[in-house]
Amino acid sequence: MSGDANGKFYLYTRYERFWHWLQAALIIALAATGFEVHGTFALLGYKKAVAVHSALGVAWLIAFAFFVFWVATTGEWKQYVPTTKKMFEVMRFYGYGIFIGQPHPSPKTPDAKHNPLQRLTYLALAAVLLPFMMATGLLYYAYNDWAALGLGGLSLSVVALAHLIGAFAILAFLVVHVYMTTTGHTPLAHVKAMCTGWEDVATEKPEEWEKRTA
């Protein structure tokens, strides 16, 4: 990953950007068809919504498998290793510092694309929440085969409720994630970076800001 004279680094590869936008599209489409299946609104019709939701779920499962393979083979898994270094500084920044113009205590670098809070969040999403949604979704999808699979003791209503709770958790993440994209040096800076791969780095270090405002 390289930088330029204007203080920008190429942080996001084409695959990362493709995966990011594909996942966003799949989540939104799955949420829309899933809530229609639950009767929240009518757009495609129940049967078609079920068919589309199932197809999207399979597509998401395949795309996720490719993502796991990519992370494992490129060494990008290191970007998701949890760390407590500067954790409280980052929390304080989002709770207070960001509103007074303080620079980010953990600016992005080619070797650390995610701050400590992002690492924990993305790890929980990729290692817990997404597999949970896929597992409950597959159970829901294979309901007619439960007896043959030895799963006759499961309750469809419990599986459906678990899947719905997971869906709300992902939607909550999506709302927070969209908000966080507006916290760059301009409201669309992070969105632009995820489109081009290039992101501006901090022009002022936290310690320089503290000296300037002391």
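Some points to look at:
- Of the residues contained in the range 115-136, one or more are found to be farther than 25 Å from LEU164 by Cα, surrounded by fewer than 17 Cβ atoms within 10 Å (Cβ to Cβ) and within 22 Å of the chain's Cα centre (by Cα).
- In the range 101-112, residue modelled with the lowest pLDDT [restricted to those that are more than 16 Å from HIS185 (Cα to Cα) and part of a loop (DSSP other than H, G, I, E, B)]: PRO110
- As a summary of the residue check, GLN118 satisfies the conditions (1) farther than 29 Å from TRP77 by Cβ; (2) modelled with pLDDT of 90 or more except for the one numbered (1).
- For beta carbons closer than 9 Å, sequence separation of 6+ or different chains, a first residue in the range 33-44 that is modelled with pLDDT of 80 or more and a second that is part of a loop (DSSP other than H, G, I, E, B), the qualifying pairs are THR33/LEU43; THR33/LEU44; GLY34/THR40; PHE35/PHE41; GLU36/ALA42; GLU36/LEU43; GLU36/LEU44; GLU36/GLY45.
- Any hit, the range 86-102, residues being touching an Asp or Glu at 6+ places or on another chain (Cβ under 9 Å), in contact (Cβ under 8 Å) with a residue 24 or more places away in the chain and not hydrophobic (A, V, I, L, M, F, W, C): yes
- Among the residues listed as ALA142, ALA172, the single one being over 20 Å from VAL50 (Cβ atoms), without any contact (Cβ under 8 Å) to a residue 24 or more places away in the chain and among the aliphatic types (A, V, I, L, M): ALA172
The values are calculated or read from the model by the stated rules, or taken from the named source; none is laboratory data. All values reported here derive from a predicted model rather than from experimental measurement. Here the Cβ is made from the backbone with ideal geometry for all residues, glycine too, and neighbour counts use every protein chain on show.
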